[in-house]
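The values are calculated or read from the model by the stated rules, or taken from the named source; none is laboratory data. Quick caveat: nothing in here was measured; it's all calculated off a predicted structure. Because the Cβ atoms are built from the backbone with ideal geometry, glycine has one as well, and the counts that use them run over all protein chains shown. Please note that ligands, DNA and RNA were not included when accessible areas were found on the heavy atoms of the full protein model with its side chains. Shrake-Rupley method; radii C 1.70, N 1.55, O 1.52, S 1.80 Å.
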Amino acid sequence: MSTPRSLSRTDPRSLPHTLSRVVIENIRPQVDAGQRPAKAIVGDGQSVEADIFSDGHDVIRCEVRYRHELSTKWSSELMSPLGNDRWRATIPIESLGGHHFMIRACVDRFATWRRDVDKRLESHQDVSEEYVVGAQLLHDVGRRAKSKERRWISDLVDQLTSHSTTLDDAVGVLVAENTGSHTLREAMSSARLSHLTGLSDPELCVTSETYCVTAEPALARFGAWYEMFPRSTAPAPLRHGTFADVVARLDYVSSMGFDVLYLPPIHPIGRSGRKGRNGSTTCDEGDPGSPWAIGSLEGGHTAVHPDLGTLEDFDVLVAEANSRGLAIALDLAFQTSPDHPWVTDHPEWFYRLPNGSIRYAENPPKRYEDIYPLRFDGTEWRFLWQALLDVVEFWISHGVTTFRVDNPHTKPFAFWEWLIASVKAECPQAIFLSEAFTRPRVMEELAKIGFSQSYTYFSWRSTKWEIEEYMTELTRTEKSDYFRPNFWPNTPDILTAELQQGGQAAFLSRLVLAATLSSNYGIYGPAYELQEHLPRTIDSEEYLLSEKYELRSWNLQDSRSLAPFVGEVNAIRRAHPALHYNHTLRFHPIDNDQLIAYSKDLPTSEGRDVILVVVNLDHSFAQSGWLNLDLAALGLDPLAPYELHDLLTDAHYTWSGPRNFVKLDPQSVPCHVFSVAPSGGGADGA
């Protein structure tokens, strides 16, 4: 008989160090192979999935182990099979900050034995040898169980090996679901998963790498944003608005159901290079300039424009907004005017040209003579970075924890990763919205390094195939683990051709699309609800008489205002939890490319909340078509009628089967937002 040869440790033919037979692959959520955290929300369960399998036909037992970053204690949840070797568990997310998780799995010999014995018993086969095998398996695992379970399992083994125990009694004990006050299946699984150690154990658990999710407040997942220039809130035309005027406007914003009031920069505005009306390089007396040209003799990023009021007035605004359920979001525009105190105090923080002058901000061929960009990689970059962190912490000390960040893609990724992590270490409830209309990979990287939400390309996605393709990318790929979209149909910089030319129907349909496709959305008002649609020039997305460069007076009582409609849409969003999430978005076929149909659904304590939206994308003509619903996916009986309540018009319908006819006229309401329920079950949802 030949003797096995001796193999060195470095020989590729060496024996493996472990005997594990289990494979764990394709774990989600994970970002960049676990190098960056995925995103989670406090109060939501976090789903963890993986492909887990082994050779042969043995039963696999697997669990997710998890802990908060500040805890040393691991908890666990058993995973359930989804089919095709895919497994899932949901772990609780109960506090802000980082949560670590890993997956452990092993072949469960006892469960495999039990399954096979059950089959043999069903076939009336002899199992006299099997009970001895089962008792031995029980004994082996009992040695590694916790002390209480070890004693109990030891007693069972003694009972099984007793001369007075019959075969039927022994098999009955081993296959029973419950033995005394214990569940044998659970006890054995727990012992295997938690206490299998040592290289000699053939059932050694496989443990995955450790991954992380960062938990943020619910406002990061679901919220409606309203952008408003404080200086244009005065009741009298041509008077500069104040923080007190903004307080007087809060009830208006709150009545429309918004969650966040976003204010463009509120700081002193420079005079050097100040832009005039419509962005002209010629500035007339009284032109207020762009709020993004930050800094003057009155101060910089931690000062407020004197015409708006004082810091104490701002504190009152924050408190009044919070009392109405509104969060105040401030703009972080890390740039300066030529008059900013930093220009004199820290000239090394700016780009110098060979002639000694400071370079203006540029996006060739555009030039911004009223703005200096900061130099994030200069010789004194550490002091600059710290100063910018101090700015954020200053406003947090004044009650602001939500920030819209201007053009973050023009600053280093490393800066944002450091700043956001530094802020959240002390203020984990902080939310950062990235305003970066740039290349997809850059937008994705900003989301990966910590931005809570991101502006998107939604403004320019208008056809059916564009919307369906884009939403599939955002909700059905790994991007959904870290990229939270925030849909804006307009901004002070973006007046799309669709809004310029589509009339009221365009404003109605784009609002419904933004508010129901994405759980986060926003509008720039009052321009939106008053249907401001005139561009500065043909083929321009800039507004005529842009509020960026002049004071505007808005007639909020205008009979054409869409404010009631906006309030209605936001009330629907709040009342229906299905619209608070994006992961259940499902498109349904409809045989007209001018009509788009999609649904969201969510189990609730009161039943299943199902929302079905149909939108006419043609802003000029009525469109009709046959809609095919996936009724099973919506939890509806394909053979039973079901009720639809149009939450926009209060109309009620009864449909049967998957195929039904719809028609929408842009001259009335170009959208259906249906609540759907089984017939007789009530279609109003939550």
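Placing +1 on the Cβ of every Lys and Arg and -1 on the Cβ of every Asp and Glu, with no other charges, gives segment 314-374 a dipole of roughly 260 debye about its Cα centre. Modelled this way, with points 7 Å down the Cα-to-C-beta line, the labels at Asp32 and Arg560 are 4.8 nm from one another. For the chain, the share of accessible area belonging to carbon and sulfur comes to 50 percent (1.4 Å probe, ligands and nucleic acids excluded). Full extension of the segment from Thr210 to Lys73, taken as 0.36 nm per residue of separation minus the current Cα-Cα distance, would add 47.9 nm. Each of Gln623, Val304, Pro535 was scored by the projection of its Cα onto the charge dipole of the chain, and the greatest displacement toward the positive side belongs to Val304; charges sit on the C-beta of Lys, Arg, Asp and Glu.
The stretch between Asp539 and Tyr351 holds 64.4 nm of extra length on full extension. This uses 0.36 nm per residue minus the Cα-Cα distance. Excluding ligands, DNA and RNA, the accessible surface per residue across the chain is 45 Å² with a 1.4 Å probe. With the simple spin-label model, which puts each label point 7 Å out from Cα in the Cβ direction, the Glu312 to Leu15 separation comes to 8.2 nm. Distance from the Cα centre of segment 412-454 to that of segment 357-401, in angstrom? Distance between centres, Cα-based: 16 Å.
For the chain, the 222 nm mean residue ellipticity estimated from helices alone, with every DSSP H stretch of n ≥ 4 adding -39500 (n - 2.57) and the total spread over all residues, rounds to -8000 deg cm²/dmol.
Tell me the label-point distance for the pair Thr604, Ser47, using the 7 Å Cα-to-Cβ offset, in nm and rounded to one decimal. Result: 2.0 nm between the two label points. Rounded to whole numbers, the Karplus 3J(HN,Hα) couplings from phi for segment 540-549 are 10, 9, 7, 6, 5, 6, 4, 5, 5, 10 Hz, using 6.51 cos²θ - 1.76 cosθ + 1.60 with θ = phi - 60°, and x at Gly and Pro. Rg then Dmax, both in Å and based on the Cα atoms of segment 604-686: 13.1, 42. Close amide-amide hydrogen proximity is noted between Ala436 and Tyr455, each under 5 Å apart and 5 or more residues distant or on a separate chain (H modeled in the peptide plane; Pro and chain starts excluded). Rounded to the nearest Hz, the phi-derived 3J(HN,Hα) couplings of segment 238-252 under the Karplus curve 6.51 cos²θ - 1.76 cosθ + 1.60 (θ = phi - 60°) are 6, 8, 5, x, 10, 4, 5, 5, 5, 4, 5, 8, 4, 5, 4, where x marks glycine and proline. Using R0 = 51 Å, the C-beta based FRET efficiency linking Ile358 and Glu25 works out to 0.45.
If you filter segment 310-412 for chymotrypsin sites (Phe, Trp or Tyr not before Pro), then keep DSSP loop positions with at most 15 other Cβ within 10 Å, what is left? Can you show the working numbers first?
On the way: sites: Phe314, Phe334, Trp342, Trp349, Phe350, Tyr351, Tyr360, Tyr368, Phe376, Trp381, Phe383, Trp385, Phe394, Trp395, Phe403; in loops: Phe334, Tyr351, Tyr360, Phe376.
Here the sparse-neighbourhood loop sites are Tyr351.
Taking the Cα atoms of segment 260-368, the ratio Rg/Rh between the radius of gyration and the Kirkwood radius comes to 1.03. Our coupling estimate for segment 638-646, obtained by passing each phi through the Karplus curve with A = 6.51, B = -1.76, C = 1.60 and θ = phi - 60°, is x, 9, 10, x, 9, 9, 10, 10, 6 Hz, Gly and Pro reported as x. Both numbers refer to the Cα atoms of segment 376-472; Rg and Dmax are 15.4, 50 Å.
Between the beta carbons of Val442 and Val133, assuming R0 = 60 Å, the FRET efficiency works out to 0.50 to the nearest 0.05. Put simply, segment 335-394 fits an ellipsoid with semi-axes of 20, 13, 11 Å; these come from the alpha carbon gyration tensor as the roots of five times its eigenvalues, largest first. Computed over segment 21-75, the quotient of the alpha carbon radius of gyration and 2.2 N^0.38 Å is 1.37.
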